[in-house]
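Worksheet: one structure, shown below.
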Amino acid sequence: MQHKQESFYKQAKKEGYRARSAYKLLDIQKRFNIFKRAFYILDLGCAPGSWLQVAKKFAEDNLTKYKDQFYHRDHYKIMGIDIKNVSPIENISIIQKDLTLPEIQEQIDLYFQNKLDLILSDASIKKSGNKFTDNIKQMNLCYTILGIVKNNLKNKGNLVIKTFQGSDFEKFVNNMKKIFRFVKSYKPSSSKKKSNEIFIIGLQKK
Ligand SMILES: C[S@@+](CC[C@H](N)C(=O)[O-])C[C@H]1O[C@@H](n2cnc3c(N)ncnc32)[C@H](O)[C@@H]1O
């Protein structure tokens, strides 16, 4: 393990995060303030659960932080979805299913009722080693997620989505620009240099 990755791993262990991916999300938050006024949050591809841990912390803080007349909620709702099993986290709804199944849409609808403030996706396909086909598979997954975003994210809501840098990357960014007022791509410092993963942040759904 590289020195930097090893130190993120140790930090995660010390701070009680289930994975060092937590620091990618914390880095994105620092830069884009995606959790501002976020009470209803969906996390796609959530196992083992470190992004859920981060989301819960910000949602809890928001309950006391935003007690103004503009936008206030007296509770939060967080749902995580993954094919893999995720150990329970108090007050978080975890669904063990493939997020591409049509029935997922209904479950999200029922739980959030179109009030979703933020959608997070760190979902990634199992890499085969063939960059070309891996990119296509990841992009297909990202387009399915964009469908969920179109249907469920509220007006002015935010999205963080993991993609791979490849041939269809620009096209995907352009599709995001149709949905969000501001679109940025970002590689957190805790993301491995040699990995081609990159996060796209969509701010303020149109
Ligand atoms: C990098 S991990 C997520 C780590 C997580 N953000 C955390 O901090 O704990 C990517 C996850 O995406 C999940 N995934 C990939 N394709 C999926 C699909 N079609 N449906 C549900 N989960 C999926 C994988 O099972 C894997 O657990």
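Of note:
- For the stretch 71-109, a residue qualifies if it is touching a residue at least 24 places away in the same chain (Cβ under 8 Å) and within 17 Å of F39 (Cβ to Cβ), and the qualifying residues are Y71, R73, H75, Y76, K77, I78, M79, G80, I89, N91, I92, I108.
- Lone unmet requirement of (1) crowded, with 17+ Cβ neighbours inside 10 Å; (2) more than 14 Å from the ligand (Cβ to nearest atom) for I89: (2)
- A Cβ distance below 7 Å, combined with a sequence gap of six or more or placement on separate chains, defines the contacts here; from the stretch 13-24, residues that are within 9 Å of S50 (Cα to Cα) reach residues that are in a loop (DSSP other than H, G, I, E, B) and within 8 Å of the ligand (Cβ to nearest atom) in the pairs R18/P48; R18/G49; A19/P48; S21/D122.
- Boolean, I161 is in contact (Cβ under 8 Å) with a residue 40 or more places away in the chain and in a helix (DSSP H, G or I): no
- Residue count for the stretch 50-97 under the criterion of being among the hydrophobic types (A, V, I, L, M, F, W, C) and closer than 16 Å to F112 by Cβ: the result is 9.
FYI, it's all coordinate maths here, none of it is from the lab. Here the structure is a predicted model, which means the values were calculated and not measured. Please note: Cβ atoms are built from the backbone with ideal geometry, for glycine as well, and neighbour counts cover all protein chains shown.
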